[in-house]
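This report refers to the structure that appears directly beneath it.
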Amino acid sequence: MPTNLRVRAFVAVLVTAALGVLVVTTATTDLPPLDEWIWAALVFGLLFALAEYYPIPLLGRSGANAFTMTAVPGFALLLTTPLPVTVGLVGVAVCLAGRLSGRGRSTIRTAFNAALSSLAFGLGALILALVVDLPATEIGLETVAAVLAAGTVTLSLTAVLTAAVIALDQGAAFRRVLRDGVALNDLGTHFLLLSLAPMVVVIWNYDRGLVPVIVVVMIAVHRASREGIAARTFALNDPLTGLPNRRALDERVAQLLRRGDEQGCLSLLLVNLDRFGMINDKLGRPFGDRLLRLVGRRLDAMAHVDTVAHLGGDSFAVLVRRHDADGVRAVAVQLLEAVGEPYVLDGVPVQVDASVGVASAPADGSDAAALLLVADTQLTTAKRLGAAPHIHLSGGHASAAQPGRLSVLGEFEDALAGDQLRLDYQPQVDLGDGAVVGLEALLRWRHPQHGEIAPGVFVGALEHTDLMPTLTRFVIDRAVADLAALRRQGYVGTMSVNISARDLHNRRFADEVADVLARHGIPGDRLTVELTESTFVTDQERARHVMHELAELQVGRSLDDFGTGYSSLSALAGIPLTELKIDRAFIVGLQHGASGMSILQAILDLAERLELTSVAEGVESPGERQALQRLGCQVVQGYLIARPMGREAVPGWLAANDPARSATRTAG
């Protein structure tokens, strides 16, 4: 608890009040003979200290929240010992437990807890004294009723004073803190403990030799309460990060919207870590799990945040009680800055960035599912725009034209089973004679509700999940099957397919490719596998290994998007490639005159020296084609040649546009 001046002053007032209660009760109370209460004071005082020392953790943003069983020994003290003894003992017990617990309690917090306990039980004693004589010698139903009433008052006082100090500390509204601090799920446990106090006193009065029975009862209740709360924690908390899970998020959103904030505002920020899959693949899942835990702690420690939930994988949801664009964006920027600070794990410095999509209630939805759907769509937009900071707000409404990342992950398997995925093919033409030498397979998703989904939306979402190998197998099998059908119609060129970083870690990838080729009767040199340069840079060792295995099958090996991944020339020389694909960014660079021309010439010269086929992507104008031909580029593809088309359209297009009907290109 930060010790600002307002909190210090508030705690000082409480401590003064508690000491005043102790002094007044001591001065006005005639203490009975020592032997009538000393043993009860020692036994129940010790049990009170133990109950304070072993709290039961509760759900919440802060690990400081806990539930104690002090109600049992506390009210047992009230019923068996003089009031000043109880007030003094509970204060001392709380201080002792706070200093010995090693849970990092500050002096100011320990003082607050001690003063609060003394005042609460002092007030409880006043309520009890209205019904029964203290210390109580006879325990009846009226005593039980009085204890329950007094316990309700002490619980209320504790809630009010705790909310007050938190509101002072955080600068929050007292009513909101008090409302959120009342845990209705824990009231039943509280009243159960209160009802045990008279029972404990009955056992004590009957035979003090039965003290072990009292201890056993308290241990049993403690264990049952702990297991009950643990079961709820397991159901509502993510086991990896300890944060609330999706179910808990649903409940919290419903709770906040049902209550209605003072200003009726709530925003959900969906946070997704950028390139986390690369870290997971390169350094291992245990390393990635530790990183997720650290990210979760940073998010959970942020100010102005109501709830942080881990939705699985590299996605978190953050609830903020405001929906004005400037305020939410400011929180999102702080969030990204916190996540982006370097981490050190096992001496390895790691930095990870994130993107954020934002939705606000009630404009974007009235439950967590609706808000997540909108935030997911905004997250996809933020990633696509790519400009820092990676934040996109809904503006109160969002288009559902494209599903977001979470929706993609949930519907992908249905897409496969429902035949929603298909391959289109874009021809590749030799600049020397105009012959069609290859086709590149391009994945498409025709969604029944959203229509055509852009590949950048769903491939990016799947790339770092266990679903990616399934997608790659589908693409290769479908592309090779279509190639076999086209070959029966006279086509003898190659077929190119794209693979991801995840496929590099599939130990059987080359074997699976060989099986597909054999099943469809296709020679290895008719298939080309494309790997982006950025993927190659991510794990050069695995990339080399996979490329060598594919070379043994005589499968073509293409480095896609060359020039965008910052690979070194020495690394490039060490990988057995057959083709270099030049990114469209360099084709557009031709418009910049001599500098753009020089860069492109250098790339083409490199391909020639390495004896690689050069392929220019995204060629859209005759001028670009002519310039590439003059510079020595061998193959081009792009809208100038043809737009991607379904397999059924390929034979007709070849018949109309391929002067040689089809030419063979060796890819070995």
- Query: Which condition breaks for Gln601 when tested against (1) outside any helix (DSSP H, G or I); (2) more than 28 Å from Asp424 (Cα to Cα)?
  - Reply: (1)
- Task: Tell me, please, whether a residue that is at pLDDT 85 or above, surrounded by fewer than 22 Cβ atoms within 10 Å (Cβ to Cβ) and farther than 16 Å from Thr107 by Cβ can be found in region 62-78.
- Result: no
- Filtered residues of region 16-39 (kept if over 51 Å from the mean Cα position of the chain (by Cα), surrounded by 18 or more Cβ atoms within 10 Å (Cβ to Cβ) and not polar (S, T, N, Q)): Trp37
- Message: Can you list residue pairs whose Cβ atoms sit under 6 Å apart, with the first residue in region 642-664 being under 13 Å from Tyr491 (Cα atoms) and the second being at pLDDT 70 or above and exposed (fewer than 12 other Cβ atoms within 10 Å of the Cβ)? Count only pairs 6 or more apart in sequence or on different chains.
- Response: Pro651/Gln489
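Conditions tested, residue by residue: (1) modelled with pLDDT under 80; (2) out of contact with any Leu (no Cβ under 8 Å at 6 or more places or on another chain).
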{"site": "Asp186", "(1), (2)": "yes, no"}
{"site": "Leu192", "(1), (2)": "yes, yes"}
{"site": "Ala197", "(1), (2)": "no, no"}
{"site": "Ala224", "(1), (2)": "yes, yes"}
{"site": "Arg232", "(1), (2)": "yes, no"}
{"site": "Asn237", "(1), (2)": "no, no"}
{"site": "Leu257", "(1), (2)": "no, no"}
{"site": "Asn272", "(1), (2)": "no, no"}
{"site": "Gly288", "(1), (2)": "no, yes"}
- Message: Take Ala146 and tell me if it is in the same structural domain as Ile203 (by TED's automatic domain parsing), crowded, with 19+ Cβ neighbours inside 10 Å, free of Cβ contacts under 8 Å to residues at least 24 places away in the same chain and not acidic (Asp, Glu).
- Response: yes
- Residue check, Gln378 against (1) under 21 Å from the mean Cα position of the chain (by Cα); (2) modelled with pLDDT under 80, all met but one. Which one? (2)
- Message: For the structure I just gave you, tell me whether His520 is more than 19 Å from Thr578 (Cβ to Cβ) and touching a helix residue (DSSP H, G or I) at 6+ places or on another chain (Cβ under 9 Å).
- Response: yes
- Message: Criterion first (touching a helix residue (DSSP H, G or I) at 6+ places or on another chain (Cβ under 7 Å) and either within 20 Å of Leu249 (Cβ to Cβ) or β-branched (Val, Ile, Thr) (or both)) does Leu335 satisfy it?
- Response: yes
- Message: Just checking, does region 108-126 include any residue being over 37 Å from the mean Cα position of the chain (by Cα) and not in a helix (DSSP H, G or I)?
- Response: no
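The values are calculated or read from the model by the stated rules, or taken from the named source; none is laboratory data. Given the structure is predicted, the values throughout are model-derived calculations rather than measurements. Cβ: placed from backbone, ideal geometry, glycine included. Neighbour counts: every protein chain shown.
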